[in-house]
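> I have a structure here, written as structure tokens, and I will follow up with some questions on it.
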Amino acid sequence: MHVILVPGFWLDASAWDEVTPVLQRAGHSVQTITRDGDTLDEQVAAIVAVLDDVATPEEPVALAGHSGAGPMVLMAADQRPALVAHLLYVDTFPGPEGGCVNDELPVVDGVVPLPSWDVWEPATVRGMTPELRAAFEQRAIPEPAAVPSDRFLYTDAARHTIPATVVSCEVPATELAAMVAEHHAWTTELSAVEDLTIVGLETGHWPMMTAPTELGELLVQALAPRPTAAA
């Protein structure tokens, strides 16, 4: 399958460099993109344009989003549900309509820079060694000010028919599954998915840095053909 990987905040396409080979060895073709646009809608439109360019209803693709890109990939799939065969959420979830990624991130000179490490919870930075932190700081791209606070919009209920897999890193998979089953307000979109799988990867919020091989293997498992029931 063709797999499109969309990085989260402060990252570009190169964030997936160590994950891509794992998917390719399993026979998938991989396309990594750098989000583009000054607003949430513009960034979603850019993802939709990629879908229109590479996918067809006969050959739909897998679409993965990490962190702040999680809601973006669902918004893109909402506009082109026939073009997406599987949604992959990497330590993220699509928030409910009218929500946003995080409207409390500080804006500095019209952009949202990578925050200092001391603002994150211990589970968030698990596995982020001093070397990984330094590398992240060097490559970090400030986010346009509007993107974290722009509101989510969905229009097509067909999005809920797309199989979805969440790779949960900060929160144990069993805890996340329980919250989805309890229909917490922020899980509205996940709760509505007809075919949802939640798997755990015990690392921090940036598994493409801290556990890229393990992350790639979980994505491969998520996309593996499922056995059909015997007649």
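The values are calculated or read from the model by the stated rules, or taken from the named source; none is laboratory data. Since we're looking at a predicted model, the values are computed, not measured. Note: ideal-geometry Cβ built from the backbone for every residue, glycine included; neighbour counts use all protein chains shown. Surface areas here come from the heavy atoms of the whole protein model, side chains and all, with no ligands, DNA or RNA. Shrake-Rupley method; radii C 1.70, N 1.55, O 1.52, S 1.80 Å.
> With just the Cα atoms of the chain, tell me how far they stretch along each of the three principal axes, in Å, largest first.
Rounded to whole Å, the extents work out to 59, 38, 34 Å.
> Within the accessible area of the range 155-231, what % is carbon and sulfur when the probe is 1.4 Å and the other protein chains stay in place?
The value for the range 155-231 is 56 percent carbon and sulfur by accessible area.
> Per-residue counts of other Cβ atoms within 10 Å, averaged by peptide: what ranking do you get for 72-82, 101-111, highest first?
Final packing ranking: 72-82, 101-111.
> Along its three principal axes, how long is the range 1-107 when you only count alpha carbons? Whole Å, largest extent first please.
41, 29, 21
> Still on this structure, I have one more. Probe of 1.4 angstrom, ligands and nucleic acids ignored: what's the accessible area per residue over the chain, in square angstrom?
Value returned for the chain: 45 Å² of accessible area per residue.
> I'd like the carbon and sulfur percentage of the solvent accessible area for the range 1-151, probe radius 1.4 Å, heavy atoms only, ligands and nucleic acids excluded. Intermediate values should be presented prior to the final figure.
On the way: 3290 of 6540 Å².
Of the solvent-accessible surface of the range 1-151, carbon and sulfur hold 50 percent.
> Moving on. Enumerate the helices in the chain for which the Kyte-Doolittle hydropathy averages 0.5 or more and the C-alpha atoms extend at least 18 Å along the helix's axis, using complete DSSP H runs.
In the chain, the long hydrophobic H runs are 40-54.
> Same structure, new question: Can you compute the modelled spin-label distance between Ala135 and Ser149, with each label point 7 Å from Cα toward Cβ, in nm?
3.4
> As a test of the formula, what do you get for the chain when each DSSP H run with n ≥ 4 contributes -39,500 (n - 2.57) and the sum is divided by the residue count, at 222 nm and rounded to the nearest 500 deg cm²/dmol? Mind showing how you got there, number by number?
Working: 8 runs with 72 residues, N = 231.
Value at 222 nm, helices only: -9000 deg cm²/dmol.
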